[in-house]
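S.K.: Take a look at this one; I'll ask things after.
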Amino acid sequence: MVIITQDMIKQFQNLIEAFDEPIKIIYENLHQGYPTETIVRFLKARDGNISKAHKMLVDCLNWRIENQIDKILSKPIVPVELYRSVRESQLIGMSGYTKDGRPVIAVGVGLSTYDKASIHCYVQSHIQINEYRDRIILPSATKNFERHISTCVKVLDMTGLKLSHLNQIKLLTVISSIDDLNYPEKTDTYYIVNAPYVFSACWKVVKPLLQERTRKKVQVLSGCGKDELLKIMDYESLPHFCRRQGSGSSKLARNNSGDDDSCFSLDHGFHQQLYNYINQQAAGVKPRAPLKQGSFHVGFPEPDLMDCKIVQTIETEFHKIENQNGFADDEHDHKGKINGEQH
């Protein structure tokens with residue numbers, strides 16, 4: 001893994017000094033008062049190559065300008081029924097903090113259906129959560145834990161993952177590309193829990209394609225991961241799907257959208273704060289124009305060649321599994337076998 005030196009940082013800073021004033025303003029909004037840490041993130045994302053890291057930052061800033069990302073937290077998804085539908089089909093939330101203060105972001109990969117709104121709504125919602133994390137959650141954590149906190153951990157619940165999820169791969173690739181290109185090195189570790197057979201089979205072929213830096217961030221935990229996760233966070237911060245052995249708790253998010261136990265629910269404290277914040281920001285925008293129903297469209301970045309190769313590999317592996325004799329698109333038998341082997 002590349003070591004970022006002070007000389008690299010200084011060279012990058014000199015390039016940033018040459019930015020035009022409008023770009024500098026956007027850069028200040030991006031780094032939130034921590035320019036050096038931001039430079040290090042972009043350098044890490046490009047393995048210490050200053051030229052590539054500089055291009056990545058410039059592309060990111062232009063993307064933010066072209067898509068008015070600095071204003072996206074004042075662009076609610078309306079009406080509320082549409083937003084609730086997004087929350088019920090794009091399962092993501094924040095369950096608490098690690099013991100050292102990093103936000104714990106939970107993602108229901110397997111039970112997310114992405115079938116109740118347009119791709120633009122899901123992309124807008126994802127970016128809003130990123131921006132709320134960076135502008136509100138992380139600064140608040142920095143203050144409360146009395147140290148600079150600029151990253152999070154993510155717990156990915158694979159409960160319900162099926163071959164039919166291949167239909168969502170375009171949307172997931174768009175979201176992944178947005179994160180990789182515009183929010184680099186914001187996640188320290190990805191914890192995979194409740195992994196069924198279909199995930200395990202794909203992981204074996206995808207893992208060798210990932211950069212070493214990315215591979216080291218991914219940890220596939222046994223079962224619901226409760227014991228391992230309790231080493232880095234208190235019980236109260238565990239995502240709901242990790243609190244009980246087995247995967248049934250994940251379905252609470254789908255079947256009981258009003259259950260406060262589910263950090264995916266619009267009624268959960270995190271989503272209530274996010275929803276209220278966006279609506280307060282929208283109310284403060286002047287002149288106040290009538291809110292348009294639907295979503296705020298953001299330009300989608302082109303995935304890089306490696307992302308395309310990974311997608312093709314996943315598609316190939318899914319089709320291999322699909323063609324295996326006796327395989328049904330119901331993961332429960334396989335999952336029970338996997339979980340039985342793990343415990």
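S.K.: Could you count how many Lys pairs in the range 10-75 have their Cα atoms under 30 Å apart, skipping same-chain pairs fewer than 8 positions apart?
M.R.: For the range 10-75, qualifying lysine pairs total 15.
S.K.: Still on this model: Can you pull the accessible area of V220 for me, 1.4 Å probe, Å² to the nearest 10?
M.R.: Its heavy atoms expose roughly 70 Å² to the probe.
S.K.: Which whole-number percent of Cα pairs in the range 60-150 have a distance greater than 18 Å?
M.R.: Percentage above 18 Å: 53.
S.K.: Grab the alpha carbons of the range 39-92, take their convex hull, and tell me the volume per residue in Å³.
M.R.: Dividing the Cα hull volume of the range 39-92 by its residues yields 111 Å³.
S.K.: Using only the C-alpha atoms of the range 1-109, find the volume of their convex hull and express it per residue in Å³.
M.R.: So the per-residue Cα hull volume is 158 Å³.
S.K.: Using the Kirkwood radius built from alpha carbon pairs, what does the Stokes-Einstein equation give as D for the range 192-237 at 20 °C and 1.002 mPa s, in µm² per second?
M.R.: 179 µm²/s
S.K.: How big is the Rg/Rh ratio for the range 144-242, C-alpha atoms only, Rh by Kirkwood, two decimals?
M.R.: Taking Rh as the inverse mean 1/r over Cα pairs, Rg/Rh reads 0.97.
The values are calculated or read from the model by the stated rules, or taken from the named source; none is laboratory data. Note that the coordinates shown come from a computational prediction; the quantities given were computed from them, not determined experimentally. The area values use the complete protein model at the heavy-atom level, side chains included, leaving out ligands, DNA and RNA. Shrake-Rupley method; radii C 1.70, N 1.55, O 1.52, S 1.80 Å.
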